Amino acid sequence: MSDPLDERDMAGEPLAVVAREAGPYLESLRDRLVHDGTQDALLDELDGPLPAAGDGAVAAVERLVRIGTRAATHSSGPRFFHFVVGGSTPAAMAGDWTASLLDQAAGLWPTSPFAARAETAVLRWLKELFGLPASFGGVLTPSATLAHVTGLACARYWWADAHGVDVTSRGLAGLPVMPVFSSGLVHVSTRKALQILGCGRDTLRTFARDDAGRVDLGAMDAALARTGGRAVVVANLGEVNTGDSDPIDDLADLAERHGAWLHVDGAFGMFAALSPRTAHLARGVERADSVTADGHKWLNVPYESGFSFVRDRDWLSRAFGAWGAAYLPDADDERINYNMLGPESSRRARALPIWATLRAYGRDGYREMVERHLDVAAHLGDLVEAAPDLELLAPVQLCIACFRYRPDGVPEERLNDLNARLGEALLADGRVYAGTSTYRGMTVFRPAPLNWRTTKTDVERLVDVLRELGAALKD
């Protein structure tokens, strides 16, 4: 088999292979290991020399699905708690398949009014979901990091404009360092965005009043006064080790008083706005100049889904539009060219899985899911506090529980090594998947149960497996 044209009359058959295997695979996620190390040998089958004559589409896809369903890390299942990763709801997964089926060039209105209108719709729905003003501009991005790039690029343009410089045409040469302030809760993706933008990863200054990273408002206030107000303040809604958050309303007050730009990192914490129990954590987000959120976390859509919202939508076009290419079309409020509002030129129709899942489950369905995950995380915290050999290290506020294994008789100086080895053992075991992090100098577990399938039973199993493996290591 060589030319794909030879298969023009059977183009649907490779898709049928995936569809046939999808049902059994998805049903198996309830019981299968999250990762089975014995399947690693299968990965060698992905490699080898490029074939001169191909196998044909059906044979190639059958091979890929056979390897993938056995050797992949099954992160769409209910017991993947590593990092902060959701899954894909049934509607979102089908929406993503639709995006691949239709293969729209989603950056320009003339190439796909369908994709552009879908993106406009989901951005409006997301603003309603999060309680952001309808007047905010927005764009979908491949990730929270690129959403940070988008929002902070607007901040950079705003800041350079105050110095009389059009940074999109002249760059940063000759300008001073843009002041960027945050608490100790700031995520590495914010620093990476500053690195990408040429502002410098390590120019961001943190103001923390304790070793947990909570913001020192007085120190930040004084630093803002020294800048004359032209600075960027980054507020963090949902920190990845504990779920802790900055007081966004207080930071909005600071930014307003000094005339600073307020950027909110709400990668997963924005979903706190959906529950009456946690909505207070998101209070003040509506006052931000730019807001970042992530879809492949708590929204449970496939990977490569981020959101960037900007209070003044004109900043998006100033930071990313005006290319001066004659073949590119003009746009208006109805016919939007989203590739002129964000960092990508070529874009897939990533709005489709978001549209499908929001249409399928609505505001009430997502509120119920968030409430369930809050209950599951709180239950995990209760299990940890009840276990004699586990230690809860921070209050459970959102969808993360931060704790460590601390059996009797093990001195403090050995606990970090013991927990690091326990983390390795847990990942190798594969029944549940949760790695370690560092919090206040301690090696800790910080599982994040936010998959739509996850229930209290799954975190009970996590605690049982951890204690079982920990007892074997301790002895």
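The values are calculated or read from the model by the stated rules, or taken from the named source; none is laboratory data. Everything numeric here is computed off the predicted structure, so don't read it as measured data. All Cβ positions, even for glycine, are placed from backbone atoms using ideal geometry, and neighbour counts span all protein chains on display. What goes into the accessible areas is simple: the full protein's heavy atoms, side chains included, and nothing from ligands, DNA or RNA. Shrake-Rupley method; radii C 1.70, N 1.55, O 1.52, S 1.80 Å.
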Taking His296, His280 and ranking on accessible area (1.4 Å, protein atoms only), highest first, one gets His280, His296
To make sure I understand the rule: partners must be lysines, Cα under 29 Å from the Cα of Lys474, and not fewer than 8 residues away in the same chain. Which ones qualify?
Lys456
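Could you work out the Rg to Rh ratio of the chain, with Rh taken as the Kirkwood radius (inverse of the mean 1/r over all Cα pairs)?
My calculation of the ratio gives 0.99.
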Positive-pole candidate from Thr150, Leu29, Gly86, dipole of the chain, charges at beta carbon:
Thr150
Considering the alpha-carbon set of region 126-170 alone, what are its Rg and its Dmax in angstrom?
13.1, 38
Of Gly381, Asn419, Tyr366, which is farthest towards the positive pole of region 363-473's charge dipole, taken about the Cα centre with +1 and -1 on the beta-carbons of Lys, Arg and Asp, Glu respectively?
Tyr366
Find the accessible area per residue for the chain; the probe is 1.4 Å, ligands and nucleic acids are left out, and the unit is Å².
44 Å²
Approximate spin-label separation Thr98-Ala60, in nm, with each point projected 7 Å along Cα-to-Cβ
2.7 nm
Gain in length, Arg257 to Thr38, computed as 0.36 nm per residue apart minus the alpha-carbon separation, to one decimal in nm?
72.9 nm
Against the 2.2 N^0.38 Å scaling, with N counting residues, where does region 122-231 land? I'd like the Cα-based Rg ratio to two decimal places.
1.18
Nearest 20 debye, what's the magnitude of the dipole of the chain about its Cα centre given +1 on Lys and Arg Cβ and -1 on Asp and Glu Cβ?
860 debye
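What ranking of Arg446, Arg363 comes out by heavy-atom accessible area, probe 1.4 Å, highest first?
Arg363, Arg446
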Checking a compactness column here: for region 4-74, what do you get for Rg(Cα) / (2.2 N^0.38 Å), N being the number of residues?
1.28
Using only protein heavy atoms and a 1.4 Å probe, report how much of Thr111 is accessible, in Å² to the nearest 10.
70 Å²
Full-extension gain in nm, Asp161 to Ala52, via 0.36 nm per residue minus C-alpha separation
33.7 nm
Over the Cα atoms of region 95-360, what Rg and Dmax result, in angstrom?
18.0, 55
Set the Förster distance to 41 Å, then compute FRET efficiency between Ile67 and Arg283 from the Cβ-Cβ distance, nearest 0.05.
0.30
Give the percent of DSSP beta bridges with both residues in the chain that are antiparallel, rounded to the nearest 5.
55 percent
